[in-house]
Ligand SMILES: N[C@@H](CCC(=O)N[C@@H](CS)C(=O)NCC(=O)O)C(=O)O
């Protein structure tokens, strides 16, 4: 059986979790306690970089969430979560990459602010502008279709959706992005999203804050 090593509050591992559900696969979730378990020899034998998610499929171990999604799509092609037309394929890849390379880094300072770990208004404003730029671009890529590059769900929806979901929590409304808001509403109605939902409670925020503080050497 497939095994997913994960943390329920990680957007990086949730994208794999949702893909496994959408593909209708049998899998076992193994929670990794990121307060140190990722540095054990047993875990590092799977991922020397000490990061979740890790997918194990019999003899095959795959790290890096986007590589895991590609593996799942190729190994378990039905239902397809990738469009076939070159232009649509490009949209899916662009949206995946822009999520991890543009949106995520822009969100980090605002997450630090939300957690009370950063108090630089100029940096927060700059992040807000970068997020608006990203959201405008995402909405253009969506166009009038139900999903990115397709009328059915794609990997881009899973990758972008699990990240854009956090934007309102950072104090930014999606009101100006009607198509994106409608798309997000469609996503969260799916059973895969409901099943993998982890409410962001004050306890969860505290856990994230403690971990971030430890990483940047504050106590
Ligand atoms: N590029 C990696 C990023 C994975 C990643 O950053 N995982 C975080 C959780 S979201 C992690 O394992 N952190 C543990 C640590 O930093 O010690 C991917 O997409 O899989």
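The values are calculated or read from the model by the stated rules, or taken from the named source; none is laboratory data. Just so you know, these numbers come straight off a predicted model, no measurement behind them. All Cβ positions, even for glycine, are placed from backbone atoms using ideal geometry, and neighbour counts span all protein chains on display.
Of the residues 139, 96, the single one that is farther than 22 Å from residue 65 by Cα and under 19 Å from the mean Cα position of the chain (by Cα) is 139.
The rows are residues; the columns are (1) modelled with pLDDT under 95; (2) within 15 Å of the chain's Cα centre (by Cα); (3) more than 25 Å from residue 205 (Cβ to Cβ).
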| position | (1), (2), (3) |
| --- | --- |
| 144 | no, no, yes |
| 149 | no, no, yes |
| 159 | no, yes, no |
| 162 | no, yes, no |
| 166 | yes, yes, no |
| 180 | no, no, no |
| 185 | no, no, no |
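For the range 5-102, the strands (runs of 3 or more DSSP E) that sit wholly inside it and include 3 or more residues that are within 16 Å of the ligand (Cβ to nearest atom) and crowded, with 17+ Cβ neighbours inside 10 Å are 54-57. Taking the condition at pLDDT 95 or above, surrounded by 15 or more Cβ atoms within 10 Å (Cβ to Cβ), in a helix (DSSP H, G or I) and within 16 Å of the ligand (Cβ to nearest atom), does residue 134 pass? Answer is no for this residue. If you check residue 129 against the conditions, is it without any contact (Cβ under 8 Å) to a residue 60 or more places away in the chain, within 14 Å of residue 94 (Cβ to Cβ), part of a helix (DSSP H, G or I) and out of contact with any helix residue (DSSP H, G or I) (no Cβ under 7 Å at 6 or more places or on another chain)? For residue 129, the condition - without any contact (Cβ under 8 Å) to a residue 60 or more places away in the chain, within 14 Å of residue 94 (Cβ to Cβ), part of a helix (DSSP H, G or I) and out of contact with any helix residue (DSSP H, G or I) (no Cβ under 7 Å at 6 or more places or on another chain) - is not met. On the stretch given as the range 183-215, residues that are more than 16 Å from the ligand (Cβ to nearest atom) and outside any loop (DSSP other than H, G, I, E, B) total 14. Scanning the range 34-64 for residues that are within 18 Å of the chain's Cα centre (by Cα) and touching a residue at least 60 places away in the same chain (Cβ under 8 Å) turns up just one, 34.
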